[in-house]
């Protein structure tokens, strides 16, 4: 075969797919969509290339122009996540209607951009993303039945989720302390993360808003708030007990002991279906007082699988504490 005559379409679809997967999907779409070549055009619009679009690696204005005018309106139904800088937010939103868009990731805040989309206090870039401004932009483009959640993962990173109502997905990630009073009837998997601590009241709201929750992943390294305590008749501190009737899996491996205790202490939570626990084994021993504490025994009774950072010891107390235990996995 003459090398000069080789064309992408000469390759089998399987080989073509391998080649395109190794390329940046932004470049793939820019190069192949709307080039008067039907097969390549259709191939480029596959969901694997259009579900998540990351614009943080380009400052090419002509590329952004072509996306907003020709490409986004053609792939809008496939897009689930945008990763971009705040300066592009409004233009991207106005380019098309995105019925399946559920997530924004915003990076590289600058003072002059922050003044448009953010509220800055005392000159500090630890700011509040204007959820109201985003909501108004959505209304302006005809998206009335939507909700917006903005969560701050660090001083320079915010996670923005925009979704249609009712929310019909079975998972939600990066939920923080502030979220709308919506009942997410279909969500079974939830990841919560914030640079501020989660208080007991936060988990009360989680139980109310996610009635079918089965898998909960908590990322938080701040000591838990204690402002929601009440005093019992003997003047000891007590909490309202939160019910999680369907929770089967709890991942607190990247959180402080406070959040493990929040779910294992039966005076704070009831998790009758908990069968999988992902945790620091050292923290587990601390919270259960070396597997002797009565307040945490009941919520451990049905745990079958333990995923931990450290190697666990085969103590008799451990097996008495976890009578349903079947499997141990080392977290790597």
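The values are calculated or read from the model by the stated rules, or taken from the named source; none is laboratory data. On a predicted model such as this, the values are computed, not experimentally measured, just so you know. All Cβ positions, glycine included, derive from the backbone under ideal geometry; neighbour counts span all protein chains shown.
A few comments on the model shown:
- Complete set of residues in the range 282-293 that are part of a helix (DSSP H, G or I) and closer than 19 Å to residue 326 by Cα: 284, 285
- Exactly one residue among 166, 211 is at pLDDT 90 or above, surrounded by fewer than 19 Cβ atoms within 10 Å (Cβ to Cβ) and not in a helix (DSSP H, G or I), and that residue is 211.
- Residue match in the range 309-330 (condition: assigned to a helix (DSSP H, G or I) and in contact with a strand residue (DSSP E or B) (Cβ under 6 Å, 6 or more places away or on another chain)): no
- Subset of the range 150-188 (residues that are in the same structural domain as residue 215 (by TED's automatic domain parsing) and closer than 17 Å to residue 255 by Cβ): 173, 174, 175, 176, 177
- Residue within the range 238-247 that is at pLDDT below 85 and either out of contact with any strand residue (DSSP E or B) (no Cβ under 9 Å at 6 or more places or on another chain) or surrounded by 18 or more Cβ atoms within 10 Å (Cβ to Cβ) (or both) present: yes
- Of note, residue 102 does not satisfy the criterion of being surrounded by fewer than 16 Cβ atoms within 10 Å (Cβ to Cβ), modelled with pLDDT under 85 and assigned by TED's automatic domain parsing to the domain that holds residue 150.
- Criterion applied to 260, 264 was being at pLDDT 95 or above, in contact with a strand residue (DSSP E or B) (Cβ under 6 Å, 6 or more places away or on another chain) and closer than 25 Å to residue 177 by Cβ, and the one residue passing it is 260.
- Conditions (1) closer than 19 Å to residue 78 by Cβ; (2) in a loop (DSSP other than H, G, I, E, B); (3) at pLDDT 70 or above: number failed by residue 187: (1)
- For the range 268-281, the set of residues classified as touching a helix residue (DSSP H, G or I) at 6+ places or on another chain (Cβ under 9 Å) and not in a loop (DSSP other than H, G, I, E, B) consists of 269, 270, 277, 279, listed by residue number.
- Residue list for the range 254-275, filter: within 17 Å of residue 322 (Cβ to Cβ) and crowded, with 19+ Cβ neighbours inside 10 Å: 260, 261, 263, 264, 271, 274
- Qualifying residue in the range 58-69 (condition: out of contact with any helix residue (DSSP H, G or I) (no Cβ under 8 Å at 6 or more places or on another chain) and either under 21 Å from residue 150 (Cα atoms) or crowded, with 16+ Cβ neighbours inside 10 Å (or both)): no
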